[in-house]
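The values are calculated or read from the model by the stated rules, or taken from the named source; none is laboratory data. The model shown is predicted, which means the values in this text are computed figures rather than measured ones. Neighbour counts are summed over all protein chains in view; Cβ atoms, including those assigned to glycine, are modelled from backbone coordinates with ideal geometry. The protein model used for the area step is the full one, side chains on, heavy atoms only, and it has no ligands, DNA or RNA in it. Shrake-Rupley method; radii C 1.70, N 1.55, O 1.52, S 1.80 Å.
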Amino acid sequence: MKIYHSIDEFVPLKNAVVTIGTFDGAHIGHRKIISGIKELAESTGGETVLLTFFPHPRMILHPEDESLKLINTINEKAELLEHLGVDHLIITPFSRDFSNQTAEEYIRDVLVNKIGTKKIVIGYDHRFGKDRQGGLDDFLRLGPIYGFDVVEIPEQDINEVAISSTRVRKALLNGEIELANTFLGYPFFITGMVVRGDQIGRQIGYPTANIVIEERYKLIPGDGIFAVKVKVADATYNGMAYIGTRPTLNGLTHNIEVNIFDFDQDIYNQQIRMEFLNFVRGDMKFSTLEALKAQIAKDKVEVMRLLA
């Protein structure tokens, strides 16, 4: 898959089969749409193009709203879409100027002239352009003028995408990891940098890697203990992750930590990935460090059972 970080980097194709959207999660609902554009491209000798936007439009149009949390960072999404076999991914920087284009300007200048769209696969509810006034009717009206066909994604498939995205986010926040993974079609994961902590985990016999995620918009599962797979460089390990404020220690910050089993390497300032497989329990406050240590020992036994 070729990735373009601006529409200006893209060289127009002779036969582009295009779809547009956020595709957050690249989950089972999205996969149905991607399979559709791949089949259409194969049957017409075309190439698939997925046009997405970053930053997410809400980040630009409503910067005061920090409630937006996405299942994937932009780099994670690109990786997932590549695995799904998309030919071209255009990540268009979203701006207020971009959003102020009229429907016809957007279709003519971006989709036709810049991409070479011959078929556009779009949902009935897709909105675009100035004040989000553009929609399916504009594609149908302008298609014959600019020489492209419009393929409408069935309402059932659009609803499936929306339901899946909502259920994934809700399940992750509620600790329903296995349900979220079912809708995603792969284990939910986070990628972050390992930084130095206060070494409390090491003191009680469970050293942890403290992870910082740079992208503030990345959705983090609800607080608790999780069974995870940890990818460090080219190796994968079993592990026990913790998300929470460490109430036993009267913590003031929200932490993401992982105890990697059978592992003793210096990985400070390295990127690691955690794949979440099971929720073990919610966060709890214990009366003493010894009580916390005893519970962690039980948690590890349960995690090892789940990952066996």
Failed item, numbered, when V110 is tested on (1) open to solvent by 20 Å² or more (accessible area, probe 1.4 Å); (2) more than 30 Å from I220 (Cα to Cα); (3) in a helix (DSSP H, G or I); (4) modelled with pLDDT of 90 or more: (1)
Hey, S67 open to solvent by 60 Å² or more (accessible area, probe 1.4 Å), hydroxyl-bearing (S, T, Y) and either touching a Pro at 6+ places or on another chain (Cβ under 9 Å) or free of Cβ contacts under 8 Å to residues at least 60 places away in the same chain (or both) or not: yes
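Considering only residues of the stretch 113-128 that are touching a residue at least 12 places away in the same chain (Cβ under 8 Å) and open to solvent by 20 Å² or more (accessible area, probe 1.4 Å), which is nearest to K14 (Cα to Cα)?
If we filter the stretch 113-128 for residues that are touching a residue at least 12 places away in the same chain (Cβ under 8 Å), which is where we start, we get 113-126, 128.
Add one more test, that the residue is open to solvent by 20 Å² or more (accessible area, probe 1.4 Å), and what stays is 113-114, 118-119, 124-126.
Values: N113: 11, K114: 11, K118: 8, K119: 11, Y124: 26, D125: 28, H126: 25 Å.
My answer is K118.
Working only within the stretch 246-279, note down all residues that are in contact (Cβ under 8 Å) with a residue 60 or more places away in the chain, in a loop (DSSP other than H, G, I, E, B) and open to solvent by 40 Å² or more (accessible area, probe 1.4 Å).
Within the stretch 246-279, Y268, N269, Q270 qualify.
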Test: residue in the stretch 57-74 that is touching a Ser or Thr at 6+ places or on another chain (Cβ under 9 Å) and within 16 Å of F148 (Cβ to Cβ): no
Condition met for T48 (among the hydroxyl-bearing types (S, T, Y), open to solvent by less than 10 Å² (accessible area, probe 1.4 Å) and within 19 Å of the chain's Cα centre (by Cα)): no
Residue under evaluation T182, criteria (1) under 20 Å from N75 (Cβ atoms); (2) in a helix (DSSP H, G or I), criterion not met: (1)
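Looking at the structure I just gave you, is I3 surrounded by fewer than 19 Cβ atoms within 10 Å (Cβ to Cβ) and part of a strand (DSSP E or B)?
On the way: surrounded by fewer than 19 Cβ atoms within 10 Å (Cβ to Cβ): yes; part of a strand (DSSP E or B): yes.
Spelling it out, I3 is indeed surrounded by fewer than 19 Cβ atoms within 10 Å (Cβ to Cβ) and part of a strand (DSSP E or B).
Does the stretch 280-291 contain at least one residue that is touching a residue at least 60 places away in the same chain (Cβ under 8 Å), farther than 20 Å from V194 by Cβ, out of contact with any Leu (no Cβ under 6 Å at 6 or more places or on another chain) and open to solvent by 80 Å² or more (accessible area, probe 1.4 Å)? Steps first, please.
Filtering the stretch 280-291 for residues touching a residue at least 60 places away in the same chain (Cβ under 8 Å) gives 282-283, 289.
So of that shortlist, the ones also farther than 20 Å from V194 by Cβ come out as 282-283, 289.
With the extra rule that they be out of contact with any Leu (no Cβ under 6 Å at 6 or more places or on another chain), the set shrinks to 282-283, 289.
Filter again for open to solvent by 80 Å² or more (accessible area, probe 1.4 Å), leaving none.
Checked the stretch 280-291: no residue is touching a residue at least 60 places away in the same chain (Cβ under 8 Å), farther than 20 Å from V194 by Cβ, out of contact with any Leu (no Cβ under 6 Å at 6 or more places or on another chain) and open to solvent by 80 Å² or more (accessible area, probe 1.4 Å).
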